[in-house]
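The values are calculated or read from the model by the stated rules, or taken from the named source; none is laboratory data. Because the structure is predicted, anything quoted here is derived from the model rather than measured. All Cβ positions, even for glycine, are placed from backbone atoms using ideal geometry, and neighbour counts span all protein chains on display. We work out accessible area using only protein heavy atoms, side chains counted, and drop any ligands, DNA or RNA first. Shrake-Rupley method; radii C 1.70, N 1.55, O 1.52, S 1.80 Å.
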Amino acid sequence: MAREFSTVGVVGMGTMGSGIAEVFARSGLNVVAIEVDDDSLARGRGHLEHSTDRAVARGKLDADGKAALLGRIRFSTDLADLGDVDLVVEAVPERLDLKEWIFGELDRICRPEVILASNTSSLSVTELAVNTGRPGKVVGMHFFNPAAVMRLVEVIRTVVTEPDVAEDVTALAEKLGKSPVVIGDRAGFIANALLFGYLNHAVSMYESSYATREDLDAAMRFGCGYPMGPLALLDLIGLDTAYEILDTMYRQSRNRLHAPAPLLKQMITAGLLGRKVGRGFYTYEAPDSPKVVDDTATPSTVDSAEATRAVRRVGVVGTGTMASGIVEVFARSGYDVVVRGRSSDRADGAVAAVRKSLEKAVLKGKLAEEDRDAALGRITATTSFDRFADCDLVVEAVAERLALKRTVFEALDEVCKPGAILATTTSSLPVVECAAATSRPNDVVGLHFFNPAPVMKLVEVVHTISTAPDVVATAHTVCESLGKHPVHCADRAGFIVNALLFPYLNDAVRMLEAHYASVDDIDNAMKVGCGLPMGPFELLDVVGLDVSLAIQRTLYEEFHEAGYAPAPLLEHLVTAGRLGRKTGKGFRDYS
Ligand SMILES: NC(=O)c1ccc[n+]([C@@H]2O[C@H](COP(=O)([O-])OP(=O)(O)OC[C@H]3O[C@@H](n4cnc5c(N)ncnc54)[C@H](O)[C@@H]3O)[C@@H](O)[C@H]2O)c1
């Protein structure tokens with residue numbers, strides 16, 4: 001017989017505990033909510049009031065429902081009030097000594113058959129279990145932030161957890177409307193193990209002034225469709241909690257990429273814990289407010305006083321997917337465009353691809369027929385570099401081979417007028433290599449568009465050590481005129497997005513290789529727990545495993561971080577010709 005849960009205890013009413021109490025009460029369970037003192041209890045009650053008010057404002061709950069929900073929660077500062085509950089979820093700060101003490105107390109207070117669960121993000125559930133006289137009844141029940149909204153719950157089963165305990169907790173999570181996944185006890189479980197290396201990397205990028213906080217966050221939102229950027233997410237999680245999670249992960253993995261970035265410690269010491277105190281990477285209107293306000297670090301990413309160069313006529317070198325997408329973007333925004341292919345067939349093919357895409361936009365009602373005709377009328381196809389002589393900006397989008405790109409830049413250097421801006425769309429080669437192939441490195445910049453260029457809003461504007469400030473400012477203005485969101489970074493492998501994305505994808509492959517969780521469980525955890533548009537294996541299969549491996553190798557060769565070494569499984573799949581969707585087989589089979 002499965003257990004019936006009618007009353008549950010929640011210990012700690014902070015960011016997570018108050019959300020967890022709300023989830024239980026919303027499902028009709030009675031809750032005993034415990035805090036350390038009256039002030040903290042009042043704050044916890046405040047979190048609940050605030051969150052249920054929001055649910056009422058959104059029409060998800062009515063006033064009676066709110067009163068009934070809150071009426072099911074009893075608040076106390078005495079753990080002894082948990083004597084009659086059927087389950088306890090502990091959500092106190094991420095410190096092993098504190099949690100061990102709480103579990104010792106709960107073991108003494110609660111009936112012997114009662115299940116004790118921890119919401120820990122990274123600490124060993126096994127250690128908490130063996131600290132009690134009922135190790136078989138201890139599990140992890142890891143909710144995600146905000147607990148009332150996020151559907152993933154990781155149920156952590158230790159080697160001594162009794163099977164029916166994990167089953168009953170899983171069934172309860174389902175009853176709460178959550179999507180549970182049952183896994184073993186490993187620091188970070190699925191989602192955090194994959195997420196926190198990425199978050200930590202973003203902090204390091206910010207710490208080294210590689211990009212601004214706004215640009216780092218915008219890059220992941222507009223480049224990958226993430227619901228939040230990494231620094232805004234850290235503010236939501238709480239920097240103190242994030243630090244503890246990373247620290248535990250580092251101690252278990254000894255992976256340097258998990259060693260908390262020094263800046264985190266400094267910010268914690270200075271009291272900048274994130275949204276809960278009103279200041280973290282960003283400044284908020286008030287503690288717990290999601291509204292970001294300007295502060296001394298609020299940048300204008302480029303100096304708006306910087307002069308820009310006039311750009312009217314644009315050249316595009318190349319005829320592939322990216323090149324034709326870029327031609328379309330410029331032509332639709334009113335620029336005259338010259339597209340150059342190696343043969344007139346190829347050049348005409350690129351124009352045909354633009355025509356097809358514009359046609360589709362017309363059919364969907366997104367573009368007027370006369371605008372389609374006007375855009376097409378602005379495009380000239382050519383096979384000769386000479387036609388770039390009067391272009392103000394030339395964007396190179398040929399195949400990702402350095403020797404080829406350098407030849408193109410040498411040719412552009414010969415024919416382009418002085419002051420023309422020469423840009424490369426490379427996603428993994430050094431922009432400075434293209435600059436060095438010219439006699440005018442100051443005029444060379446990276447303009448990394450994302451695929452499909454007409455749809456994706458992000459453009460990474462990459463400056464080398466030689467790029468002139470007015471070239472960067474012009475690139476910024478041009479991107480804005482295209483309706484794109486430009487972000488700025490220096491010339492390092494992977495720029496912002498790929499450098500943050502691919503090590504995370506590689507970590508997911510390593511997790512699969514270690515048989516910790518399945519392809520489906522990992523994909524689901526990242527989608528449901530972190531709100532990502534695709535799971536890592538779904539994305540790898542779309543991008544192509546050969547392309548992913550090449551990017552991962554580039555990162556490894558540039559930074560020589562042991563953690564960036566491509567996962568052997570990724571190498572093997574590529575060797576076996578399983579390249580993802582394009583070959584019908586990758587991490588999954590496609591028919
Ligand atoms: N923040 C997140 O995004 C997140 C997500 C999932 C899991 N977690 C985990 O949830 C747990 C809580 O994290 P949080 O972010 O809610 O922290 P928090 O600091 O917001 O809340 C912790 C609460 O515990 C209370 N507390 C401290 N000692 C106590 C005691 N002896 N008895 C009762 N209450 C006590 C504190 O007063 C505080 O209100 C941690 O284990 C964390 O790793 C956090």
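At a glance:
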item: Proximal charge balance of THR383 [Cβ under 13 Å; K/R count +1, D/E count -1]; result: +1
item: Net dipole in debye of segment 196-342 [+1 Lys, Arg Cβ; -1 Asp, Glu Cβ; about Cα centre; nearest 20]; result: 620 debye
item: Proximal charge balance of VAL415 [Cβ under 15 Å; K/R count +1, D/E count -1]; result: -3
item: Per residue, in Å², the accessible surface of the chain once ligands and nucleic acids are set aside, probe 1.4 Å; result: 41 Å²
item: Length released on extending from ASP348 to GLU561, taking residue separation times 0.36 nm less the Cα-Cα span; result: 72.3 nm
item: Percent carbon-and-sulfur accessible area, segment 274-326, ignoring ligands, DNA and RNA, probe 1.4 Å; result: 49 percent
item: Protection proxy ranking of 365-375, 102-112, 530-540 - average other beta-carbon atoms within 10 Å, highest first; result: 530-540, 102-112, 365-375
item: Placed amide H near THR380: partners under 5 Å, 5+ positions off or other chain; result: VAL337, VAL338, VAL339
item: Average projected area [Cα convex hull, the chain], square nanometres; result: 29.0 nm²
item: Note, ³J(HN,Hα) from phi for segment 518-523, Karplus 6.51, -1.76, 1.60, rounded to Hz, x at Gly and Pro; result: 8, 3, 5, 5, 5, 4
item: Derived scalar couplings ³J(HN,Hα) [segment 440-449; Karplus, 6.51 cos²θ - 1.76 cosθ + 1.60; whole Hz; x for Gly, Pro]; result: 9, x, 5, 8, 9, 9, x, 10, 8, 7
item: Cleavage-rule hits, trypsin sites (Lys or Arg not before Pro), segment 37-83, DSSP coil, Cβ neighbours within 10 Å at most 14; result: ARG58, LYS60
item: Relative contact order computed over segment 208-269 (Cα-Cα under 8 Å; 6+ residues apart), in percent; result: 21 percent
item: Accessible area of segment 111-249 belonging to carbon and sulfur atoms, whole % at 1.4 Å probe; result: 53 percent
item: Rounded percent of accessible protein surface that carbon and sulfur make up, segment 356-401, 1.4 Å probe; result: 47 percent
item: Where trypsin sites (Lys or Arg not before Pro) fall in DSSP loop in segment 250-340, at most 12 other Cβ within 10 Å; result: ARG254, LYS291, ARG312
item: Counted charge near LYS585, where neighbours are those whose Cβ lies closer than 12 Å (Asp, Glu -1; Lys, Arg +1); result: +2
item: The chain, relative contact order [Cα under 8 Å, separation at least 6], %; result: 10 percent
item: Rg/Rh ratio calculated on Cα atoms of segment 275-373 (Kirkwood radius); result: 1.25
item: Relative packing of 149-159, 438-448, 552-562, which averages over residues the other C-beta atoms within 10 Å, highest first; result: 438-448, 149-159, 552-562
item: Residues in segment 245-285 that a label on ARG54 would reach, taking backbone N under 19 Å of a point 7 Å out along Cα→Cβ; result: 273-285
item: Cut-off under 5 Å, modelled amide H: who pairs with VAL32 long-range; result: VAL8, GLY9, VAL10, ARG74
item: TYR590 paired with ASP84, simple spin-label distance in nm, labels 7 Å along Cα-to-beta-carbon; result: 5.8 nm
item: Column: log10 I(q)/I(0), Debye, Cα scatterers of segment 158-231, q = 0.24 Å⁻¹; result: -1.04
item: Helix axis angle, 497-513 relative to the chain longest principal axis, alpha carbon, degrees; result: 50 degrees
item: Cβ-Cβ FRET estimate between ARG111 and SER208, R0 fixed at 41 Å, reported to 0.05; result: 0.15
